[in-house]
Amino acid sequence: MSKALNSLVDRVRAAREAHTPLAIRGAGTKSFYGEAIRGATLDTRELSGISSYEPSELVLTARAGTPLADVEAALAERGQCLPFEPPRYPDPERPGQRGGTIGGVVAAGLAGPARAAVGNVRDFVLGATLLNGRAEVLSFGGQVMKNVAGYDVSRALAGSLGVLGLICEVSLKVLPVLPATATLRFDCGEAEAIERLQGWGGQPLPVHASAWWQGALVVRLSGAVAAVNSAASKMGGEVIDPYLAQRFWNGMRDQTDEFFAEARRSLADGAALWRIGLPAGAAPLPLSGEQLIEWGGAQRWWVTREPAERVRSLAARSGGHATLFRARDKAAVLGVGVSVFTPLAAPLARIHRELKQAFDPDGLFNPGRLYPEL
Amino acid sequence: MNAPLPRAAADAPVSAGVDRPLPASPPAAVDAAARRQRQSEVVAALSKLLPRSALLWQDEDTTPYECDGLTAYRERPLVVALPETDEQVAAVLRACRRLAVPVVARGAGTGLSGGAMPHAMGVTLSLARFNRILAVDRRARIARVQCGVRNLAISEAASPHGLYYAPDPSSQIACTIGGNVAENSGGVHCLKYGLTLHNVLRVRGYTIDGDAVEFGSEALDAPGLDLLALVVGSEGMLAVVTEVTVKLVPKPQLARCIMASFASVQAAGEAVAQVIAEGIIPAGLEMMDRPMTAAVEDFVRAGYDLKAAAILLCESDGTPEEVDEEIRRMTEVLSGCGATRLEVSRDEAQRLRFWSGRKNAFPASGRISPDYMCMDSTIPRKRLADILTAIADMESRYELRCVNVFHAGDGNLHPLILFDANQPGELARAEAFGAEILETSVRLGGTVTGEHGVGIEKLASMCVQFSPEEREQMLALKQAFDPAGLLNPGKVIPTLHRCAEYGRMHVKKGLLPFAELPRF
């Protein structure tokens with residue numbers, strides 16, 4: 001264990017001396033995400049294992065390279081879970097395996113269907129150990145629920161795509177699996193779906209996830225048995241068989257559902273998959289293509305051939321942003337000098353550059369993965 | 001590495017005192033003539049930007065700003081600016097940046113760690129006039145408010161829509177949302193509903209250069225690094241926030257509370273762990289020890305069990321069905337853990353009576369002691385009995401009493417050290433006692449501040465919790481936002497020099513990852 005970290009520290013020192021950029025990699029399940037990967041691979045999987053897990057503390061601490069599957073299995077054994085449902089993509093090296101590493105989950109910051117109800121990856125990060133660009137091992141946050149000592153660096157690592165340094169270990173808040181769940185299906189158009197979701201959200205109903213595609217709105221309720229039962233009868237709709245519902249939500253979470261399968265076929269054909277984040281109640285976007293709406297309206301997936309500029313400007317006009325999630329050739333979709341993530345306003349871009357400089361002065365880690373200039 | 005033993009009271013750090021306040025910086029006495037000259041420079045510059053009524057610099061006008069809720073530390077600001085518009089805030093910041101004048105943003109001044117204590121050579125930027133609720137959107141369940149709006153006022157404005165703002169620090173009647181953002185404030189319901197960070201979607205404000213910035217978004221995420229996570233809880237060190245968009249949640253239809261007595265604090269601590277191990281996340285889970293219970297019972301007459309070594313308050317909220325189910329499950333667990341007395345609130349009046357003692361813990365302490373010092377640290381819940389045993393031992397060593405209230409659900413302790421500042425040496429003993437509680441919390445795997453912030457009060461304790469490299473990294477982070485170090489300088493992150501003066505070794509967390517690595 002210590003040997004693994006020491007060797008990573010040595011690698012970073014050597015890279016610093018040789019001015020060689022490093023590409024941090026766990027299982028490599030999310031290598032499609034963000035900008036192109038540059039640098040020599042720095043594999044985190046030697047840093048493996050759950051360092052501590054105490055169900056009554058609601059905290060699990062694991063080294064970065066621990067497989068997500070191991071973390072979820074340990075939690076499931078004690079009736080707990082990672083509430084933000086991170087997506088599990090296929091492992092490129094191990095056919096049939098999915099899920100990557102816990103370090104990758106935090107670095108990518110991607111969350112699944114329950115995100116709107118429970119929060120993002122960042123909301124569950126309690127602490128982290130970071131190997132920065134000066135080859136220093138630093139700990140921020142901790143293993144307790146409430147902690148305001150210093151800046152909350154550990155939470156800011158969620159979604160940082162490794163540009164601030166290598167996440168060595170993370171402590172996450174975990175929660176009990178909710179006692180009851182039920183899935184309802186409604187036939188309705190896009191605008192009506194958004195309207196209904198908004199209406200339910202304002203009431204004390206245990207709405208836990210939602211998905212709309214091609215005229216069908218599917219809603220998952222989760223919570224106390226009595227609450228789920230009474231909400232289900234109040235909301236109406238068609239009750240989906242629990243086995244099928246489970247499969248459906250797994251498909252949403254892991255992006256293997258029919259929408260995503262079709263998206264992949266269209267990608268081969270030159271279309272692009274966009275992830276658009278919007279205020280949940282935003283009106284339907286006038287784009288052409290196929291759309292899947294999640295998170296009560298706050299996450300809208302689009303498979304489209306429309307120009308990047310139009311996708312971005314429509315998202316911005318609704319108060320949101322658009323990420324080019326997948327494409328056969330991202331550069332071709334975006335055009336020269338256009339980034340995968342929505343460009344930042346000038347003062348924020350400056351702060352990003354300065355932060356990169358503060359954590360990784362020689363620009364060693366994942367250069368350009370989040371934004372070309374970082 | 002082994003932690004050094006805390007020093008005895010005699011050579012404890014005398015970092016502050018009611019009679020001998022020590023400013024954050026500059027520590028040296030400021031030359032009065034130089035100060036006056038600087039003051040007229042700054043007043044002249046700001047007078048061009050603000051109406052006459054929005055600028056205070058005479059002693060009698062600036063004295064009310066000399067401290068926040070941590071009254072032991074006082075400093076008179078050079079100038080107090082009270083802008084009313086965003087343009088004025090931006091202009092004041094630009095002027096301060098140009099003149100290299102420190103800026104200390106201030107809300108209601110209810111903070112408990114001196115985060116808003118003025119800088120002797122700086123401008124206190126009071127945002128009290130930013131008190132408008134800009135929009136309450138029932139459909140989207142969000143409220144957009146100016147930073148000086150009081151926490152409770154948001155819930156009051158949302159109430160007609162059946163919604164409220166969940167984080168409820170005990171000062172919620174007075175504290176502002178801007179201050180909550182600065183401190184990442186908690187409250188008694190944060191185990192279930194989260195901290196300020198979890199309930200804020202977006203903040204708008206200005207950098208020290210006067211550039212408008214927006215962190216977060218009304219969508220559920222924003223592109224780039226999650227700077228909102230850094231700005232929330234940054235104690236005014238990174239940017240000045242003028243507008244906050246918060247999430248609102250539906251008001252629970254019903255809340256009921258169980259009051260349970262235990263014969264030992266260990267048994268009560270075990271019951272807390274067991275409730276959570278059963279998969280229950282109560283809306284509130286609070287503990288009081290016997291001395292605290294006695295003090296509050298004397299004050300509020302709520303009918304607390306004075307024989308109990310510890311009392312737990314366990315609250316459930318939600319629909320009537322949910323509450324019934326949860327109260328039944330919690331009752332079973334608490335009985336199974338040996339509760340000696342159990343009472344479930346029958347109605348709202350009784351529920352509020354159960355809470356009245358907990359909510360009045362501070363004033364009740366004020367009645368039984370001339371002075372008290374409220375500490376704030378977090379430990380892993382399982383170490384509750386350890387810390388209470390350690391505190392009991394400290395009581396005899398420091399010859400001071402300590403009463404304990406505890407956000408048991410999330411491990412956040414508030415020991416109240418009772419002392420009399422008029423007795424020679426008592427304040428210094430109380431401070432040493434407090435420092436030892438914080439160091440013990442770090443050693444048990446916890447943190448020196450759970451929700452009150454570092455401010456000026458806990459600078460020395462930061463030396464204990466973080467290594468020099470970690471503190472340097474945080475200072476570099478601050479510089480990325482505020483290159484000249486003008487926003488609330490001297491707070492939160494102690495310099496290497498200051499830690500060397502404090503002379504305490506860095507005590508690493510109880511479960512140190514990679515303990516074998518050289519850290520110095």
Inset, instruction - Please go through region A:202-231 and pick out each residue that is in contact with a Gly (Cβ under 6 Å, 6 or more places away or on another chain) and either of a type in the set (K, R) or within 17 Å of B:K251 (Cβ to Cβ) (or both). - result: A:P206
Inset, instruction - Report, by residue number, each residue of region A:254-290 that is under 19 Å from the mean Cα position of the chain (by Cα) and within 17 Å of B:L220 (Cβ to Cβ). - result: A:W274, A:R275, A:I276, A:G277, A:L278, A:P279, A:A280
Inset, instruction - Report, by residue number, each residue of region A:77-102 that is surrounded by fewer than 23 Cβ atoms within 10 Å (Cβ to Cβ) and assigned to a strand (DSSP E or B). - result: A:Q80, A:C81, A:P90, A:R98
Inset, instruction - Among what's in region B:281-291 and is among the charged types (D, E, K, R) and within 24 Å of the chain's Cα centre (by Cα), pick the residue that is surrounded by the fewest Cβ atoms within 10 Å (Cβ to Cβ). - result: B:D289
Inset, instruction - Starting from region B:280-297, keep only residues that are closer than 30 Å to A:C81 by Cβ, then list their pairs with residues that are assigned to a helix (DSSP H, G or I) and among the hydroxyl-bearing types (S, T, Y) whose Cβ atoms are within a distance under 8 Å, requiring at least 6 positions of separation or different chains. - result: B:A283/B:Y193
Inset, instruction - Read through the list (1) without any contact (Cβ under 8 Å) to a residue 40 or more places away in the chain; (2) within 13 Å of another protein chain (Cβ to nearest Cβ); (3) under 13 Å from the mean Cα position of the chain (by Cα), then give the number of the only condition that A:A107 fails. - result: (1)
Inset, instruction - Would you be able to tell me the number of residues in region A:224-256 that are farther than 16 Å from A:G99 by Cα, of a type in the set (S, T, N, Q) and either surrounded by 14 or more Cβ atoms within 10 Å (Cβ to Cβ) or touching a residue at least 24 places away in the same chain (Cβ under 8 Å) (or both)? - result: 3
Inset, instruction - Enumerate the pairs (first residue in region B:396-410 and among the polar types (S, T, N, Q); second residue anywhere and buried (at least 24 other Cβ atoms within 10 Å of the Cβ)) with beta-carbon separation below 6 Å, excluding pairs fewer than 6 apart on the same chain, so at least 6 apart or on different chains. - result: B:N404/B:M292; B:N404/B:P415
Inset, instruction - Filter region B:196-224 for residues that are within 7 Å of another protein chain (Cβ to nearest Cβ) and under 23 Å from the mean Cα position of the chain (by Cα) and give the result. - result: B:H198
Inset, instruction - Would you confirm whether any residue within region B:233-241 is in a helix (DSSP H, G or I) and either within 9 Å of chain A (Cβ to nearest Cβ) or within 30 Å of A:A231 (Cβ to Cβ) (or both)? - result: no
Inset, instruction - Determine which member of the set B:A302, B:A294, B:A308, B:A260 is in contact with a Leu (Cβ under 8 Å, 6 or more places away or on another chain), away from chain A (no Cβ under 14 Å) and either surrounded by fewer than 23 Cβ atoms within 10 Å (Cβ to Cβ) or part of a loop (DSSP other than H, G, I, E, B) (or both). - result: B:A294
Inset, instruction - Could you please let me know if A:P279 is surrounded by fewer than 17 Cβ atoms within 10 Å (Cβ to Cβ) and closer than 22 Å to A:G319 by Cβ? - result: no
Inset, instruction - Could you name every one of the helices (runs of 4 or more DSSP H) located completely within region B:77-183 that has at least 1 residues being over 26 Å from A:Y151 (Cβ atoms) and under 17 Å from the mean Cα position of the chain (by Cα)? - result: B:151-158
Legend entry - Which listed residue, of A:V207, A:V153, A:V228, A:V219, is of a type in the set (V, I, T) and closer than 30 Å to A:E46 by Cα: A:V153
Legend entry - strands (runs of 3 or more DSSP E) completely within region A:268-374 that count 1 or more residues being touching a residue at least 40 places away in the same chain (Cβ under 8 Å) and facing chain B (nearest Cβ under 9 Å): A:272-277, A:299-304, A:321-327
Inset, instruction - Might you let me know whether region B:314-336 holds any residue that is under 22 Å from B:R301 (Cβ atoms) and modelled with pLDDT of 95 or more? - result: yes
Inset, instruction - Output the number of the condition that B:K382 fails; it satisfies all remaining conditions of (1) outside any loop (DSSP other than H, G, I, E, B); (2) away from every other protein chain (no Cβ under 11 Å); (3) of a type outside the set (A, V, I, L, M, F, W, C). - result: (2)
Legend entry - So B:V249, is it in contact with a strand residue (DSSP E or B) (Cβ under 8 Å, 6 or more places away or on another chain), within 10 Å of chain A (Cβ to nearest Cβ) and more than 30 Å from B:E322 (Cα to Cα): no
Legend entry - Filter result (buried (at least 24 other Cβ atoms within 10 Å of the Cβ) and farther than 22 Å from A:T61 by Cβ) within region B:463-476: B:C463
Inset, instruction - Read through the list (1) closer than 25 Å to B:A166 by Cα; (2) in contact (Cβ under 8 Å) with a residue 24 or more places away in the chain; (3) in a loop (DSSP other than H, G, I, E, B); (4) of a type in the set (A, V, I, L, M), then give the number of the only condition that B:I208 fails. - result: (1)
Inset, instruction - Identify the single condition in (1) over 14 Å from A:F124 (Cβ atoms); (2) within 9 Å of chain A (Cβ to nearest Cβ) that B:A229 does not satisfy, given that it satisfies every other one. - result: (1)
Legend entry - Which numbered condition B:Y398 misses (of (1) modelled with pLDDT under 95; (2) out of contact with any Leu (no Cβ under 8 Å at 6 or more places or on another chain)): (1)
Legend entry - Test: A:G150 is under 24 Å from the mean Cα position of the chain (by Cα) and within 11 Å of chain B (Cβ to nearest Cβ): no
Legend entry - Output for region B:478-506, where each listed residue is out of contact with any Gly (no Cβ under 9 Å at 6 or more places or on another chain), assigned to a helix (DSSP H, G or I) and within 9 Å of chain A (Cβ to nearest Cβ): B:A480, B:F481
Inset, instruction - State whether the residues of region B:401-415 include one that is among the aliphatic types (A, V, I, L, M) and over 21 Å from A:M145 (Cβ atoms). - result: yes
Inset, instruction - Filter region A:170-221 for residues that are away from chain B (no Cβ under 13 Å), touching a residue at least 40 places away in the same chain (Cβ under 8 Å) and of a type in the set (D, E, K, R) and give the result. - result: A:R185, A:E190, A:R220
Inset, instruction - State the number of residues belonging to region B:292-311 that are under 26 Å from the mean Cα position of the chain (by Cα) and either hydroxyl-bearing (S, T, Y) or within 17 Å of B:G269 (Cβ to Cβ) (or both). - result: 4
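The values are calculated or read from the model by the stated rules, or taken from the named source; none is laboratory data. Only a predicted model underlies this, so the values are computations on that prediction, with no experimental measurement involved. Cβ sites come from the backbone with ideal geometry, for glycine too, and all protein chains shown count toward neighbours.
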